[in-house]
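The values are calculated or read from the model by the stated rules, or taken from the named source; none is laboratory data. None of the values given here were measured: they were computed from a predicted structure. Heads up, the Cβs are rebuilt from the backbone with ideal geometry, glycines too, and the neighbour counts pull from every protein chain shown.
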Amino acid sequence: MPSIFPSEHSLGCRIEGVDLSKPLNHYDESLIIDAFGRFGVVCFPNQVLEPAQHKAFASRFGSLEINVAAGPYTVPNHPEVMILSNETIDGKPVGLGDAGQDWHTDMSYSTTIAFLNVLYALRVPRRNGTALGDTEFLDMCAAYEDLPHGIKKEIEDLTATHDFDKFWSKMVSLPGSKRKPLSDEQRAAKPPVSHPLVLRHPISKRKALYCNVGYVTRIDNISETASDELLQFLFRHQLKEEFKYAHSWTEGDVLAWDNLWTMHNAKADYKATEIRSMWRCQTMADRIFL
Ligand code: OGA
Ligand code: MN
């Protein structure tokens, strides 16, 4: 029987007593789906996974994404398993080294948005016994509920444009970035898309602010000035400390987070010589809304 240990924040819990290398039974599966709706960020400690098992777990909740920019950074024969790592072998990076290093929501730039990101920690950087490279989260249901009444009404029926290239270009422009600008083919594969600003969560039925500073470029169908003003307000609002939760990693952690009501940021507080390596599967929100 799995046991759930909630964090002291609105986001975050640990689920013990489930072995993710084995097929989930229906009881455990519904307990875990319920936890995504209640806690948003779910850690399964002490897991030992092969890529196929990682995929099998993540695909219980929706179809898996093959990232347009994953290119060389996937596990051989498993294009759905992306390698996030700052390790280099013979001078060549083995993975994407700077994934998620600023606030964003995964795959909000896709027509079919993300439900989950499932990360499996292989190596965690540590200094004087303290783990580095935390992943930080923000609670977008709390952010929605905390909006002034007038803004809630204003955004109720609005949509926003999300653009993959916004975050990617920002990363390219940082000093020391190993990323290259997107090719025409990559850009064409991810044209900007629009989504409603307010999302009704399919599990909890709560409303979430579905807007993130990483990918949103424009509020649709209002003037550019009005869009800039509203976005400036929403971006500042959603980054408030009170919505925040941080996950400190241990090797063997599987961390699955619900992108429908969270934003996240990979803390870049470790050096090139301090190795952080993860495998990642992304689960789309194609089944959770059915
Ligand atoms: C991602 C991401 C965060 C991390 O994989 O999309 O943002 O802490 N990763 O590695
Ligand atoms: Mn991310």
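Of the candidates LYS178, LYS166, the single residue that is among the charged types (D, E, K, R), exposed (fewer than 15 other Cβ atoms within 10 Å of the Cβ) and on the phi < 0 side of the Ramachandran plot is LYS178. In the condition set (1) within 26 Å of SER30 (Cα to Cα); (2) modelled with pLDDT of 95 or more; (3) in contact with an Asp or Glu (Cβ under 9 Å, 6 or more places away or on another chain), VAL118 is compliant with all but (3). Of THR130, THR105, THR111, all but one fail to be modelled with pLDDT of 95 or more and over 24 Å from PHE44 (Cα atoms); the exception is THR111. Screening PHE137, PHE115 for residues that are touching a Gly at 6+ places or on another chain (Cβ under 6 Å) and outside any loop (DSSP other than H, G, I, E, B) leaves exactly one candidate, PHE115. Restricting attention to region 72-100, the residues that are closer than 25 Å to ASP165 by Cβ and either assigned to a strand (DSSP E or B) or not hydrophobic (A, V, I, L, M, F, W, C) (or both) add up to 17. Inside region 161-199, residues that are among the charged types (D, E, K, R) and more than 18 Å from the chain's Cα centre (by Cα) make up a count of 6.
For region 239-274, filtered to residues that are hydrophobic (A, V, I, L, M, F, W, C), within 13 Å of ligand 1 (Cβ to nearest atom) and not in a strand (DSSP E or B), the residue that is surrounded by the fewest Cβ atoms within 10 Å (Cβ to Cβ) is ALA268. Take the conditions (1) in contact with a helix residue (DSSP H, G or I) (Cβ under 8 Å, 6 or more places away or on another chain); (2) more than 16 Å from ligand 2 (Cβ to nearest atom); (3) modelled with pLDDT under 95; LYS190 misses just one of them, which is (2).
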